[in-house]
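Beneath this line is the structure, given in structure tokens, with notes to follow.
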């Protein structure tokens, strides 16, 4: 599936300045309400992450986590994911867990999956 990405420097700068940030050991997420109806995302991997191979792996891991969470997201947000030093060394499931925490705190995830909790199926 093809997603809408953020490419221009001024867009990244706007989201860094005005967006809310969420930090974890392997990922930083910036979230802002978007100007379009689409959810757009960008990935940043700086030189502190490592050499080109490590930066590419970090982007790949972040992209895999985003792909798995995208169906659960509300539309109309701009997201930036920043790789940290640990990012290339962890599995995409770990990044997915951090990303899910960040996006739920930001209110980007839909509330649909909560009807399957055990408490709903309890019998007294």
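Each reported figure results from applying straightforward, stated rules to the coordinates on display, with no laboratory input. These figures come from a predicted structure and were not determined experimentally. As a convention, Cβ positions derive from the backbone with ideal geometry for all residues, glycine included, and neighbour counts pool all protein chains shown.
R0 = 25 Å: FRET efficiency of residue 24 with residue 70, Cβ-based, nearest 0.05?
Efficiency at R0 = 25 Å is approximately 0.85.
Between residue 17 and residue 51, what FRET efficiency follows from the Cβ-Cβ distance if R0 is 30 Å, with the result rounded to 0.05?
0.50
Using Cα pairs under 8 angstrom and six or more residues apart, how large is the relative contact order of the chain, in percent?
It rounds to 30 percent for the chain.
For region 1-71, what does the relative contact order come out to in percent, with C-alpha contacts under 8 Å and a separation of six or more?
Contact order relative to length: 26 percent.
Where both residues lie in the chain, what percent of DSSP beta bridges are antiparallel, nearest 5?
So the antiparallel bridges amount to about 65 percent of the total.
Which one is right for this structure if Cα extents along the principal axes in Å is calculated from it: [x] 39, 31, 25; [y] 58, 34, 27; [z] 54, 36, 27?
Identified label for the calculated read-out: [y].
Measure nothing but the geometry: give the 0 to 90° angle between the long axis through the Cα atoms of 92-106 and the longest principal axis through the Cα atoms of the chain, rounded to 10°.
It is inclined by approximately 70 degrees.
Could you check which residue among 52, 26, 106 shows the biggest mean-square fluctuation in a GNM of the chain with a 10 Å Cα cutoff?
52
Cα axis of helix 52-69 to longest principal axis of the chain: angle in degrees, 0 to 90, nearest 10?
Roughly 30 degrees, rounded to the nearest 10.
Hey, what angle do you get for helix 9-18 against the long axis of the chain, alpha-carbon based, 0 to 90 degrees rounded to 10?
50
Using only Cα atoms, what Kirkwood radius does region 32-97 have, in angstroms?
After inverting the pairwise mean of 1/r, the radius is 12.4 Å.
Calculated from DSSP H runs of 4 or more alone, at -39500 (n - 2.57) each and per residue, what is the 222 nm mean residue ellipticity of the chain, nearest 500?
Mean residue ellipticity at 222 nm (helix-derived): -11000 deg cm²/dmol.
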